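Written below as structure tokens is the structure these notes are about.
The values are calculated or read from the model by the stated rules, or taken from the named source; none is laboratory data. Being a predicted model, the structure only gives us computed values, none of them experimental. All Cβ positions, glycine included, derive from the backbone under ideal geometry; neighbour counts span all protein chains shown. When the accessible area is computed, the model is the full protein with side chains, heavy atoms only, and any ligands, DNA or RNA have been set aside. Shrake-Rupley method; radii C 1.70, N 1.55, O 1.52, S 1.80 Å.
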Amino acid sequence: MNEVREPGLWKRGVLWLLLLAPLFFASYSFANWLTSQRDDVGSLVFAWESQMPLWPWTIVPYWSIDLLYGLSFLLPATRREMDRHGLRLLSVQVLCIACFLLWPLRFTFERPELDGLFGSMFDVLMGFDKPFNQAPSLHIALLVVLWTCFASHASGVWRWLTHGWFSLIGLSVLTTWQHHFIDVPTGVLAGWLCVWLWPHQGRSPLLHWRLAREPKRWRLAFRYGAGALLLMTLATNLGGTWLWLAWPALSLLLVALNYALFGAEGFQKRADGRLSSAACWLLAPYLAGAWINSRLWTRRHPHAAEIGEGVWLGRIPSATQAEQFNAVLDLSAELPLRTQRKVYRVLPVLDLTVPGADTLLEAARAIEQLRLQGPLLVCCALGYSRSATAVAAWLLHSGRCQDVVSAIARIRLVRPQLVMSEAHQYALEEMLRLNRHRGDGAWVAAHG
């Protein structure tokens, strides 16, 4: 990829390496030493892992991550990208070392003596590494961060080579007998969590959180948090295959935090309608459930309904359903949408919440502009509430309806499944007052 790089970035990369390299060795060695002093360190290994082969040659890709770690600081093209990359690596280190200290595990397989070049490489590794500090695998967590960095700067055959080599590195943690299986998925989640915390696009959840004020958001946060707690309790108490429930537990916990703290930005929906890769991985169990839920609720009414003058109201469309529209206004925060080069605008709103007056006014203006592109679909997960409220705001803002009651009635004629509470009506009234206060020309002309 040909990119224009900001000048002086190599110096910034060197500074990051001077911070991270000593921290890596110091913190990892300390965790190793401290854990070795304990006599209560257990292990978590599945019976089938005894069949895992030892492939000495995979020590080469295993070691290569150290080289790739240093080279990764040559790739960022901007100071922001460089700093986000450094913060991801720093966060991985802090998170994994904290887990090693709080919940240490021990690797249990005895590796046979190896000779030759590969044996020498194992000897060097064992001089530093010890059979502790297992889950989440720091090697795998760093791999996720580095993989996203290299993949974002590779194209064509280089992109395929990148994916192939990094996949081999991931496999090597098992075939060198350095980690048990439980370390791998936990390391993947740890890595993606740190990528999510420091996105290249948008704001970091750590730096821009705010306590929710709406009671509805807190109720939903509590429900998702309770679901996460239940799943994690089952995973830890039942063990075995049930440990996979830790993934949906983390997914629901992040959704709970989005409702309580991070808002719609926590889903990291981008301007092209897709969620960030980190959000897709971390929230995959929730996203699958949300998609299935949207299809079940709308199975009897899958098609959009025309409100009038080229404006349609419906659910998140499939690729086939989207073909009939030239433009899309999307109000869902939680579900991705492939726009396929259509005119697209997203105003993400949390599911089961009411859009604010500012959002409704922005949506009304967007609908008026986008409908000029041809048939416009205004959508959310179901097309019953968030998007319907936006269409009602457009009817009011443009003067096509004179009051909230008539706007809702007009939509209900063609979309009888409409869900519009008193809170939605109040938000529309607030939008009208905001419109009046700002003296919008179209609204003043329509309402005198």
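Looking across segment 106-134, the residues that are in contact (Cβ under 8 Å) with a residue 12 or more places away in the chain, in a loop (DSSP other than H, G, I, E, B) and surrounded by fewer than 23 Cβ atoms within 10 Å (Cβ to Cβ) come down to ARG106, PHE107, THR108, PHE109, ARG111, PRO112, LEU114, ASP129, LYS130, PRO131, PHE132. No other residue among PHE166, PHE150 is without any contact (Cβ under 8 Å) to a residue 40 or more places away in the chain and assigned to a helix (DSSP H, G or I) apart from PHE166. Residues that are free of Cβ contacts under 8 Å to residues at least 24 places away in the same chain and either assigned to a helix (DSSP H, G or I) or charged (D, E, K, R) (or both) within segment 397-407 comprise ASP403, VAL405, SER406, ALA407, listed in sequence order. Summed over segment 275-288, residues that are in contact (Cβ under 8 Å) with a residue 24 or more places away in the chain and out of contact with any Ser or Thr (no Cβ under 9 Å at 6 or more places or on another chain) total 5.
Annotation: ILE169 fulfils all but one of (1) open to solvent by less than 10 Å² (accessible area, probe 1.4 Å); (2) in contact with a Pro (Cβ under 8 Å, 6 or more places away or on another chain); (3) farther than 18 Å from LEU89 by Cβ; the unmet one is (3).
Residue check: GLU81 meets all listed conditions (1) closer than 19 Å to LEU197 by Cβ; (2) out of contact with any His (no Cβ under 8 Å at 6 or more places or on another chain); (3) among the acidic types (Asp, Glu) but one, namely (2).
If you go through segment 286-309 and keep only what is within 22 Å of SER406 (Cβ to Cβ), open to solvent by less than 20 Å² (accessible area, probe 1.4 Å) and of a type outside the set (A, V, I, L, M), you end up with just GLY308. The set of residues in segment 413-440 that are in contact with a helix residue (DSSP H, G or I) (Cβ under 6 Å, 6 or more places away or on another chain) and outside any helix (DSSP H, G or I) comprises LEU418, MET420.
Let's see how each residue does on (1) of a type in the set (Asp, Glu); (2) closer than 30 Å to PHE122 by Cα; (3) touching a helix residue (DSSP H, G or I) at 6+ places or on another chain (Cβ under 6 Å); (4) modelled with pLDDT of 95 or more:
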site	(1), (2), (3), (4)
HIS179	no, yes, yes, no
TRP196	no, no, yes, yes
GLY202	no, no, no, no
TRP209	no, no, yes, no
ARG223	no, no, no, yes
ALA226	no, no, no, yes
GLY239	no, no, no, no
PRO248	no, no, yes, yes
ALA260	no, no, yes, yes
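Helices (runs of 4 or more DSSP H) fully within segment 246-329 that include at least 1 residues being more than 23 Å from HIS208 (Cα to Cα) and either touching a Pro at 6+ places or on another chain (Cβ under 9 Å) or of a type in the set (A, V, I, L, M) (or both): 246-257, 284-297, 319-322.
Run down ARG410, ARG371 and say which single residue is of a type in the set (Lys, Arg), part of a helix (DSSP H, G or I), touching an Asp or Glu at 6+ places or on another chain (Cβ under 9 Å) and open to solvent by 10 Å² or more (accessible area, probe 1.4 Å). Spell out how you get there, then give the answer.
Numbers: ARG410 fails: touching an Asp or Glu at 6+ places or on another chain (Cβ under 9 Å).
Being of a type in the set (Lys, Arg), part of a helix (DSSP H, G or I), touching an Asp or Glu at 6+ places or on another chain (Cβ under 9 Å) and open to solvent by 10 Å² or more (accessible area, probe 1.4 Å) holds for just one of ARG410, ARG371, which is ARG371.
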